[in-house]
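Encoded as C-alpha cells, the structure appears first; notes follow it.
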Amino acid sequence: MADSRLYFRLGEETTVGQNSRRLLADGTITWARPHTNIVHETGPFDPDLPVLAFRDPVGQLQAVIFNHSTHTIGTRQPGKRSPSFYGLAAQELEADLGGTVCFLEGASGSTHNLSLSTDEMIQRIKTAVRVALAFAEPRPVTRLVAIKRPFKFRVRMFDEAREDEAVRSYCRKAMGTYADRCIEVFRLQREKLAPHQGEERQTWLQVMLIGDIAMVGVPAEFFTRLGRDIKERSPFRHTFVAELANDWIGYLPDLEAHRLGGYQTWTGLHSYAQPGTGERIVDEAVKILNELARTNGNPAF
C-alpha cells in the first residue's frame with residue numbers, strides 16, 4: 001500500500017443546522033417544528049467542520065474524513081431511504097475529487113436543519129469541505145493509536161404517571177390528529193421498558209489518535225452541549241466527537257435538558273438511559289484523552 005501524508009484544516013459551516021430544542025412561551029420545549037412564540041434556544045450549535053485529507057507521496061488524494069454536528073435527516077425524494085445530506089455530499093465529493101470520502105456525524109442529538117432544502121444543505125457542506133481542503137496543511141503523524149473500552153450504564157427508573165402526562169401534554173398541543181397515536185406509541189414503549197428499570201447494561205467508548213488529532217466515538221445521539229464539553233476539556237487542541245459509534249443507546253441529553261423536558265428526554269425506546277449518563281461519558285472520554293496525552297508510546301488497551 002502507498003504511503004500517506006495527512007493534511008488538516010478546521011473548517012466551519014454555520015448555517016446547516018441549529019439547536020432545535022426551543023423554549024416556547026407556554027413553557028413547552030418544542031422539537032424541530034416551526035413556531036412563532038419562541039422564547040429562546042436551549043443549547044448550543046457547533047459549527048466546527050474539521051477535514052482530514054490523506055494524500056500519496058505525489059499529492060494524489062486518497063481519502064477525506066469530515067465531521068459536522070447536525071442530525072442526519074434529509075432526502076431528495078420523500079419516503080426514500082437515504083444516507084442523508086451528509087452522505088449524499090460525501091458521495092458527490094468522492095465522484096468529483098477521487099479517493100474515499102467519509103463523514104462522521106458529530107454530537108447532534110439536539111441539533112437539526114429547520115429551514116434549508118436537502119439540495120441546499122448538500123451544496124453548503126460540499127463548499128465548506130472544499131474550502132477546508134484548499135487550505136489544509138500537512139501535519140506529522142507520529143502516533144496512530146486507538147483505545148476502545150466498555151462503559152456501563154443503567155436503564156432509568158421512571159414514574160409512569162409523570163411520563164404519561166409529559167407526552168400527553170405535548171401531543172395535545174402540537175400533534176393534532178396524530179396525538180392519540182403518538183401517546184399510545186410511547187405508552188407501549190414504556191410498558192416494554194418497565195421491567196428493565198435499574199438494569200445495568202454495557203456499551204463502548206472509543207478514542208482514536210491520528211498524530212495530535214483526537215476523535216472520540218460515543219454510542220448515542222449525543223447532545224451538542226456534551227460534545228462541546230469533551231472538546232473543551234480535551235488536552236488535544238483538535239478533538240472531535242463522532243456519535244452513533246460502535247453502538248446506539250438512544251438519546252443522551254445533558255442534565256439541564258432532562259430538567260427542561262421535551263421529546264428527546266421522554267422515556268421510551270429512543271431515550272432510556274439514566275439521567276447523568278451523558279455527563280459520565282464525557283468524564284470517561286476526557287479520562288481516556290488525558291491518558292493518551294500522558295503516554296508517549298501505545299497505551300495499555
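Each value in this text was obtained by applying a stated rule to the coordinates, not by laboratory testing. Quick caveat, the model's predicted, so the values are computed rather than measured. Virtual Cβ from ideal backbone geometry, glycine too; neighbours counted across all protein chains shown.
For region 207-225, which positions are closer than 16 Å to I288 by Cα and in contact with a Gly (Cβ under 9 Å, 6 or more places away or on another chain)?
Result: V207, M208, V216, V218.
Only residues that are under 19 Å from G262 (Cα atoms) and without any contact (Cβ under 8 Å) to a residue 60 or more places away in the chain: list them for region 186-239, please.
If the condition is that a residue be under 19 Å from G262 (Cα atoms) and without any contact (Cβ under 8 Å) to a residue 60 or more places away in the chain, then R187, L188 are the ones that fit.
Rundown of residues vs (1) touching an Asp or Glu at 6+ places or on another chain (Cβ under 6 Å); (2) over 20 Å from D247 (Cα atoms), yes/no style:
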| residue | (1), (2) |
| --- | --- |
| V155 | yes, no |
| V167 | no, yes |
| Y170 | no, yes |
| T177 | no, yes |
| C182 | no, yes |
| E200 | no, no |
| W204 | yes, no |
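Considering only region 231-281, state which residues are in contact with a Pro (Cβ under 7 Å, 6 or more places away or on another chain), more than 20 Å from M208 (Cα to Cα) and of a type in the set (A, V, I, L, M, F, W, C).
The answer is I249, L255.
Give the residues of region 183-207 that are buried (at least 16 other Cβ atoms within 10 Å of the Cβ) and within 25 Å of the chain's Cα centre (by Cα), sorted by residue number.
F186, Q189, R190, L193, T203, L205, Q206, V207
Answer yes if at least one residue in region 255-264 is more than 28 Å from L52 (Cα to Cα), part of a loop (DSSP other than H, G, I, E, B) and out of contact with any strand residue (DSSP E or B) (no Cβ under 8 Å at 6 or more places or on another chain), and no otherwise. Steps first, answer last, please.
Within region 255-264, the subset more than 28 Å from L52 (Cα to Cα) is 255-264.
Okay, now just the ones that are also part of a loop (DSSP other than H, G, I, E, B), so 261-262.
Next, from what is left, pick out any that are out of contact with any strand residue (DSSP E or B) (no Cβ under 8 Å at 6 or more places or on another chain): none.
Within region 255-264, not a single residue is more than 28 Å from L52 (Cα to Cα), part of a loop (DSSP other than H, G, I, E, B) and out of contact with any strand residue (DSSP E or B) (no Cβ under 8 Å at 6 or more places or on another chain).
If you take the residues in region 219-267 that are within 11 Å of the chain's Cα centre (by Cα) and among the charged types (D, E, K, R), which one is surrounded by the most Cβ atoms within 10 Å (Cβ to Cβ)?
Among residues in region 219-267 that are within 11 Å of the chain's Cα centre (by Cα) and among the charged types (D, E, K, R), the one surrounded by the most Cβ atoms within 10 Å (Cβ to Cβ) is E243.
Counting only residues that are within 22 Å of I125 (Cβ to Cβ) and charged (D, E, K, R), which one in region 1-30 is surrounded by the fewest Cβ atoms within 10 Å (Cβ to Cβ)?
E12
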